[in-house]
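Q: This is the structure, below, for whatever I ask next.
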Ligand SMILES: [Zn+2]
């Protein structure tokens with residue numbers, strides 16, 4: 001199924017080239033030969049990018065490029081274009097294998113950086129959507145074509161992250177207008193998504209016509225002197241000739257030779273080439289103009305959204321070196337940051353951030369981390385705006401957890417005192433066990449005392465808390481003060 005699909009697309013692709021670029025029949029034979037070469041080689045699956053431009057895209061592009069020559073519509077937009085982007089994280093049917101939220105936010109920072117010159121600023125269309133679908137997770141083309149419309153967000157660029165599959169690092173499907181990116185191909189400073197968004201906005205590869213190791217007919221081999229730059233390759237006259245359809249590190253290890261016999265190396269800096277991610281850093285001016293034109297025709301740009309870089313929130317709780325917290329529900333609390341759209345918070349054992357144990361995005365100023373075991377953890381949080389999740393994290397804070405016996409949520413026995421359960425429930429008994437007499441004070445996070453009670457040595461002490469939230473519990477006896485927190489849930 002996949003192969004026949006590819007073949008069909010190649011056919012359409014070249015027929016459109018025929019339609020748009022040729023009124024001269026003498027080239028027809030050459031094109032057909034080129035077509036045979038190209039389709040044969042495309043059947044070998046590509047590792048980097050599997051995008052094939054649609055007929056509509058090619059027609060649109062060629063029309064735009066002819067306008068470039070007639071000096072029409074050449075005004076580069078001065079103002080920033082705000083583009084809603086919907087991220088979808090796919091997992092297996094069992095809900096396994098999600099891409100990290102942190103990586104998704106990093107991808108948004110990276111594409112906004114890469115598109116700065118173009119004037120495009122992408123922003124979160126809404127919360128990241130999770131899809132448990134093994135077909136999507138492995139990039140099954142038939143499933144994507146048949147059902148992806150059910151998952152798309154209207155009026156936004158839709159980007160799906162998938163976990164496995166070896167057909168591509170990234171792909172844009174023009175017919176269903178979605179981008180799929182393999183998780184492992186979108187690490188920090190990767191350009192996979194940038195490249196695929198270039199396709200989304202109508203750009204071909206710089207080596208257009210050479211995809212899959214094929215060689216186009218002679219007419220389409222771009223010359224270094226620019227004499228056929230509108231007809232050959234990507235049709236842009238400010239991108240250099242490029243014949244390389246395998247991934248390559250820069251500079252190219254060997255020389256290419258153009259039809260005039262001139263040796264050269266292709267330009268590795270263009271995102272639409274197949275040079276390594278580290279080599280790439282720009283779209284050419286004509287490519288930028290073409291994407292702006294495509295964006296205008298799509299009508300998806302929206303009014304400006306907040307793209308400020310926000311200062312990190314102040315982490316409140318757990319405070320530094322809190323110990324023996326119940327790992328099943330560690331409440332993380334921070335201060336509100338004005339202008340924040342949401343907060344991204346994460347926790348990791350020993351602060352090894354590359355191995356996260358917990359992460360979430362929330363509009364609230366607290367989150368419950370479900371952790372495990374008796375470990376030292378660190379946590380940190382950052383405030384984000386829709387178009388800018390790129391600010392600094394708060395200073396990491398450490399705490400430790402203590403696994404408790406099953407059936408008992410939390411038992412503390414320090415300074416001769418323990419209580420349970422924790423988290424407690426509103427208006428339900430919290431049992432306090434003490435070896436000594438003393439005084440118990442319960443206060444809220446602002447320091448206001450909400451409850452004070454005498455504690456007798458023994459097992460019979462019970463209190464109840466009448467509202468939900470986090471409270472400071474202090475037990476004071478002749479030996480000193482024992483402080484802990486109790487979470488009270490609805
Ligand atoms: Zn591509």
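Q: When you scan segment 189-212, do you find a residue that is over 15 Å from the mean Cα position of the chain (by Cα) and surrounded by fewer than 21 Cβ atoms within 10 Å (Cβ to Cβ), even just one?
A: Yes, segment 189-212 contains at least one residue that is over 15 Å from the mean Cα position of the chain (by Cα) and surrounded by fewer than 21 Cβ atoms within 10 Å (Cβ to Cβ).
Q: Would you kindly identify the helices (runs of 4 or more DSSP H) lying entirely within segment 95-173 that contain at least 2 residues that are buried (at least 21 other Cβ atoms within 10 Å of the Cβ), touching a residue at least 60 places away in the same chain (Cβ under 8 Å) and in contact with a strand residue (DSSP E or B) (Cβ under 9 Å, 6 or more places away or on another chain)?
A: Correct list: 101-114.
Q: Looking at the structure I just gave you, is residue 260 farther than 30 Å from residue 85 by Cβ and surrounded by fewer than 15 Cβ atoms within 10 Å (Cβ to Cβ)?
A: Yes.
Q: Filter segment 186-205 down to the residues that are in contact with a strand residue (DSSP E or B) (Cβ under 6 Å, 6 or more places away or on another chain) and more than 10 Å from the ligand (Cβ to nearest atom), then identify the one that is farthest from residue 278 (Cα to Cα).
A: 200
Q: Pick from segment 238-250 the residues that are in contact with a strand residue (DSSP E or B) (Cβ under 9 Å, 6 or more places away or on another chain) and more than 21 Å from residue 185 (Cα to Cα): which of them is nearest to the ligand (Cβ to nearest atom)?
A: 242
Q: Tell me which of these residue 177 doesn't satisfy, since it passes every other one: (1) modelled with pLDDT of 95 or more; (2) within 16 Å of the ligand (Cβ to nearest atom); (3) surrounded by 18 or more Cβ atoms within 10 Å (Cβ to Cβ).
A: (3)
Q: Looking only at residues in segment 268-300 that are surrounded by fewer than 19 Cβ atoms within 10 Å (Cβ to Cβ) and in a loop (DSSP other than H, G, I, E, B), which one is farthest from the ligand (Cβ to nearest atom)?
A: 299
Q: Something else about it: With segment 424-488 as the region, which strands (runs of 3 or more DSSP E) entirely inside it contain at least 2 residues that are more than 23 Å from residue 369 (Cα to Cα) and touching a helix residue (DSSP H, G or I) at 6+ places or on another chain (Cβ under 6 Å)?
A: none
The values are calculated or read from the model by the stated rules, or taken from the named source; none is laboratory data. Treat the numbers as computed from the prediction; the structure is a model and nothing was measured. Here Cβ is always computed from backbone atoms with ideal geometry, including for glycine, and neighbour counts include all displayed protein chains.
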